[in-house]
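Notes for the one structure printed next.
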Amino acid sequence: MRHGPVVPRVESALRAMLTEGRWRPGERLPNEVALAAELGVGRSSVREAVRLLAHDGLVEVRHGSGTYAARPPAPAGEGDMRRLLRRARLREVYEVRRALEVEAARLAAGRIRPEDIGRLRDHLALREERAGGDPSAFVDADLAFHRTVVELSGNAVLLGLFTSVLPVLREALVEMVSHEPALPDVSCAHAELLDGLARGDADAAIEATVAHLEAVMELFGSDNDSGNGNGSGSGSDTSELESDNSEKEVAAP
């Protein structure tokens, strides 16, 4: 397969096979090992691509039995509509992130202790280490960093709200990393957030948080300007997906 983010390429290849009728509706697809060998990728990439196809209703995963072709892929126009709906949902998720994380950054800047900086550095280092690899692992590292910032705000209600939306947030971010290969790189914004917190500079911490969230929200706004005003919104830390030669292409979740 050509170079680039792996999971989107695997998903595209399998989608094309389904479109061409390689497997009839109800027919079982080869197992992960066989598909991975045919496509020249790892099993985890095949597993994630199948999960995305199942999310779109193109395959049915029957635990203990296998993966089956569900129905012919939708026409291109219908696929575009799904993409628009997915981005609209992500925009809403980022609006929630901005509401919670901007205030968390402001409070944390005034309450953070020297020993807390080390925890944040460790989380950020893990995030960078996982960039370009498995989307779920990267998102988990990214959210660990952001949850720690919220925790350091010292506001139990704010932390409770953030924790309550984590499952939805995680699912949305994994989906975004998997479907949006052109995500902006917000690594610098994360580093600037850490630096602002370390200096106790609330304004800098807020500015870095808004910058990283709005960078991603601009991507969502490009498809549907009506409903996004100035195109600002929440961003999430994401990365592009694992490549066969282990090269990293950091994106913004």
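The values are calculated or read from the model by the stated rules, or taken from the named source; none is laboratory data. This is a predicted model, so every value here is computed, not measured. Heads up, the Cβs are rebuilt from the backbone with ideal geometry, glycines too, and the neighbour counts pull from every protein chain shown. We work out accessible area using only protein heavy atoms, side chains counted, and drop any ligands, DNA or RNA first. Shrake-Rupley method; radii C 1.70, N 1.55, O 1.52, S 1.80 Å.
In plain terms, the chain from R28 to A156 could stretch by 41.2 nm, reckoned as 0.36 nm per residue minus the Cα-Cα distance. Consider a paramagnetic label point 7 Å from the Cα of R113 along Cα→Cβ; state which residues of the stretch 145-178 have an amide N under 14 Å from it. Label zone hits: 152-154.
Highest mean first, what order results for 46-55, 169-178, 15-24 on Cβ atoms within 10 Å?
169-178, 46-55, 15-24
With a simple spin-label model that places each label point 7 Å from the Cα along the Cα-to-Cβ direction, the separation between E38 and E103 comes to 5.1 nm. Taken one residue at a time, the phi angles of the stretch 156-171 give Karplus couplings (6.51, -1.76, 1.60, θ = phi - 60°) of 5, 5, 4, 5, x, 5, 5, 5, 5, 9, 4, x, 5, 4, 4, 4 Hz. Gly and Pro are set to x. Here the stretch 93-164 was treated as a single set of alpha-carbon atoms; its pair distances binned every 10 Å from 0 give 20, 47, 30, 2 percent.
In this simple spin-label model, placing a label point 7 Å from the Cα along the Cα-to-Cβ direction at both D185 and E92 gives a separation of 3.3 nm.
If you rank I117, I206 by how much accessible surface each has, with a 1.4 Å probe, what is the order from largest down?
Reading off the accessible areas and sorting them downward yields I206, I117.
Evaluating 6.51 cos²θ - 1.76 cosθ + 1.60 at θ = phi - 60° for every residue in the stretch 112-123, the Karplus couplings come out as 5, 10, x, 5, 6, 4, x, 4, 5, 4, 5, 4 Hz, glycine and proline recorded as x. The phi-based Karplus calculation (6.51 cos²θ - 1.76 cosθ + 1.60; θ = phi - 60°) puts the 3J(HN,Hα) values of the stretch 187-200 at 4, 5, 5, 5, 5, 5, 5, 4, 5, x, 5, 4, 8, x Hz, whole numbers, x for Gly and Pro.
About its Cα centre, how strong a charge dipole does the stretch 99-219 have in debye, to the nearest 20, once Lys and Arg get +1 and Asp and Glu get -1 at the Cβ? Walk me through the numbers on the way to the answer.
On the way: 10 positive and 22 negative charges, 92 e Å.
Here the stretch 99-219 has a charge dipole of around 440 debye.
Can you compute the FRET efficiency between D122 and A54 using 1/(1 + (r/R0)^6), with r the Cβ-Cβ distance and R0 = 41 Å? Round to the nearest 0.05. Efficiency computed from Cβ-Cβ geometry: 0.75.
In this structure the amide hydrogen of V59, modeled in the peptide plane, comes within under 5 Å of the amide hydrogens of A54, A70, none closer than 5 places in sequence on its chain.
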